[in-house]
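Only one structure is covered here, and it is reproduced in the block below.
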Amino acid sequence: YKIIYSSADERGVGGVGILVKSRIAKSILKISKISDRILSVTLNSNPRITLISAYAPTEEKNDEHKDLFYAALLQTIAATPQHNFIVVMGDFNARIGQDSADTSPRTCGKYTFHETTSNNGERLLSLCESTQMRIASTFKPHKTTHRRTWQHPHDSKTYIDHILIKGK
C-alpha cells in the first residue's frame, strides 16, 4: 500500500489522506495537496479517475471556516477536467435527512439515516447540486448498522461520512 496525505502540521499529524494499493499507486498522474482538509489524486485510467479526500469543519465551527472549506472544495472539483470520473469522499460532519430526499431528489436518495438535515448537510447538498454530484449511499438500501459511520461515546449513532459521485 501507499499512503498519500496532506497534513495539518509538519510532523504529519492531522489532515486527510488516501490509501491505495501499490499496483494502483503506479497509475498516479497527479497529487494535489489543496489544504490540510482537501487532497486530490488523479489516476491514469480510461476514463481518468480523480479521488478527492475531504474533512469538513464540524457543525459548531463558525460559518467563515465552513465557507472557506466549501469554496476550496468547489474550486477543486471545478478545476478537475470534465471528462474525469470524480469521487469525493470523507468526513463531511453532515447529517443528511429524509427531508433532503424530497427537496433534492437528483442529489439525495430516499435511504438516509437521519430524519432532518443539519446545517453542514445543507452545505453538502448545495455543493452536490452545483457540481451535479450525488450522495452515493442514499440511493440504495443498507442495513442500519452499515449506514452509521460514527458513534458518540455516550452511544449516539450518526452518519456523517459520505461518498459523492458524478450523477451520470
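The values are calculated or read from the model by the stated rules, or taken from the named source; none is laboratory data. If you're wondering where the values come from, they're calculated on a predicted model, not measured in any experiment. Because the Cβ atoms are built from the backbone with ideal geometry, glycine has one as well, and the counts that use them run over all protein chains shown. Keep in mind that these areas ignore ligands, DNA and RNA; they rest on the heavy atoms of the full protein, side chains included. Shrake-Rupley method; radii C 1.70, N 1.55, O 1.52, S 1.80 Å.
Suppose we filter ILE38, ILE52, ILE4 for residues that are farther than 21 Å from ARG123 by Cβ and among the hydrophobic types (A, V, I, L, M, F, W, C); which single one remains?
None of the other options fit; the residue is ILE4.
Return the residues of the range 76-99 that are in a strand (DSSP E or B) and in contact (Cβ under 8 Å) with a residue 40 or more places away in the chain; say none if nothing qualifies.
Matches in the range 76-99: PHE85, ILE86, VAL87, VAL88, MET89, GLY90, ASP91.
Output the residues belonging to the range 85-106 that are modelled with pLDDT of 95 or more and open to solvent by less than 10 Å² (accessible area, probe 1.4 Å).
Those that are modelled with pLDDT of 95 or more and open to solvent by less than 10 Å² (accessible area, probe 1.4 Å): ILE86, VAL88.
Among (1) open to solvent by 80 Å² or more (accessible area, probe 1.4 Å); (2) under 18 Å from THR131 (Cβ atoms); (3) among the polar types (S, T, N, Q), which single condition is SER32 missing?
(1)
Any chance the range 20-32 includes a residue that's outside any strand (DSSP E or B) and either in contact (Cβ under 8 Å) with a residue 60 or more places away in the chain or within 17 Å of the chain's Cα centre (by Cα) (or both)?
No, the range 20-32 has no match at all.
Just the residues that are open to solvent by 10 Å² or more (accessible area, probe 1.4 Å), within 26 Å of HIS83 (Cβ to Cβ) and β-branched (Val, Ile, Thr), please, taken from the range 48-60.
Residue satisfying the conditions is ILE49 alone.
Name the residue that is nearest to HIS83 (Cα to Cα), counting only residues in the range 114-160 that are charged (D, E, K, R), more than 13 Å from the chain's Cα centre (by Cα) and modelled with pLDDT of 90 or more.
GLU129
Evaluate the range 61-75: report whether one residue or more is in a loop (DSSP other than H, G, I, E, B) and open to solvent by 50 Å² or more (accessible area, probe 1.4 Å).
There is at least one residue in the range 61-75 that is in a loop (DSSP other than H, G, I, E, B) and open to solvent by 50 Å² or more (accessible area, probe 1.4 Å).
Identify all residues within the range 1-19 that are part of a loop (DSSP other than H, G, I, E, B) and of a type in the set (Lys, Arg); write none if there are none.
ARG11
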